[in-house]
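Chemist: Here it is, the structure in full.
The values are calculated or read from the model by the stated rules, or taken from the named source; none is laboratory data. No experiment lies behind these values; they were computed from the predicted model shown. Here Cβ is always computed from backbone atoms with ideal geometry, including for glycine, and neighbour counts include all displayed protein chains.
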Amino acid sequence: MKIRKLLKSNQRGFTLIELLVAIAISGLIAGGITMIIFQVFDGNARTSNHMMAVSQVQNAGYWVSHDGQQAQNVEPEDPPDPDGFPFVLTWAEWDGTVNEVTYTIVGNDLQRSYSIGGGVPNQATVARHITSIEVVPRPFNGGKFTFTVTASVGTGSQVQNETRIYEVTPRPGV
């Protein structure tokens, strides 16, 4: 009986070591949870940036390929820039109407200017966040031209780049 009373009277709370161990374990758990949350948000931002870069590269590739497949003539600007821009694609419709598409780079945007029969050109931005673009026209006797485009989206550790190379075969001249 005396031993029971001694044990009960000596146990009034936690020791300092027990408290420090509990605080350390709680800190490790909180730090782990914080890192997981940070990685989820960072991963979502990277994924979103990558999808945006892919989308912009595909938009640029779609429009240049679409116009390039119809073209009967591909002319880089005279004198040509090292990257081949601006460049002009032209083709004639069955009724003789001449279509002309001019691609230019304005800042980080790829601009498309389209006119039919020498009319007022219709301008549109077909891709944004373009950091590198190059067109290599070959001698245009039915030859292909190569179009390389790179988009970069994001800042800091969340920058995502996407590069695609398109090889376009224009239609033969009539």
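Chemist: Pick out, from region 84-138, the strands (runs of 3 or more DSSP E) lying fully within it that include 1 or more residues that are within 17 Å of the chain's Cα centre (by Cα).
Modeler: Counting at least 1 such residues, we get 98-106, 109-116, 122-127, 130-137.
Chemist: Filter region 130-162 down to residues that are modelled with pLDDT of 85 or more and closer than 11 Å to A60 by Cα and give me whichever is surrounded by the most Cβ atoms within 10 Å (Cβ to Cβ).
Modeler: Among them, the one singled out is A151.
Chemist: Then there's this: Hey, among the residues in region 163-172 that are among the β-branched types (V, I, T) and in a strand (DSSP E or B), which one's modelled with the lowest pLDDT? Outline the logic, then answer.
Modeler: The initial filter retains those residues of region 163-172 that are among the β-branched types (V, I, T), namely 163, 165, 168-169.
Now narrow it down to the ones that are in a strand (DSSP E or B): 163, 165, 168.
Working: T163: 91, I165: 90, V168: 85.
Among residues in region 163-172 that are among the β-branched types (V, I, T) and in a strand (DSSP E or B), the one modelled with the lowest pLDDT is V168.
Residue by residue, here is whether (1) of a type in the set (A, V, I, L, M); (2) assigned to a loop (DSSP other than H, G, I, E, B); (3) under 28 Å from T155 (Cα atoms) holds:
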{"site": "G13", "(1), (2), (3)": "no, yes, no"}
{"site": "V21", "(1), (2), (3)": "yes, no, no"}
{"site": "R46", "(1), (2), (3)": "no, no, yes"}
{"site": "V54", "(1), (2), (3)": "yes, no, yes"}
{"site": "V57", "(1), (2), (3)": "yes, no, yes"}
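Chemist: Among the residues that make up region 91-102, is at least one of them at pLDDT 85 or above, in contact with an Asp or Glu (Cβ under 6 Å, 6 or more places away or on another chain) and at negative phi?
Modeler: yes
Chemist: Continuing with the same structure: Going by the conditions given, is N108 at pLDDT 85 or above and under 23 Å from T163 (Cα atoms)?
Modeler: Taking the combined requirement at face value, the residue satisfies it.
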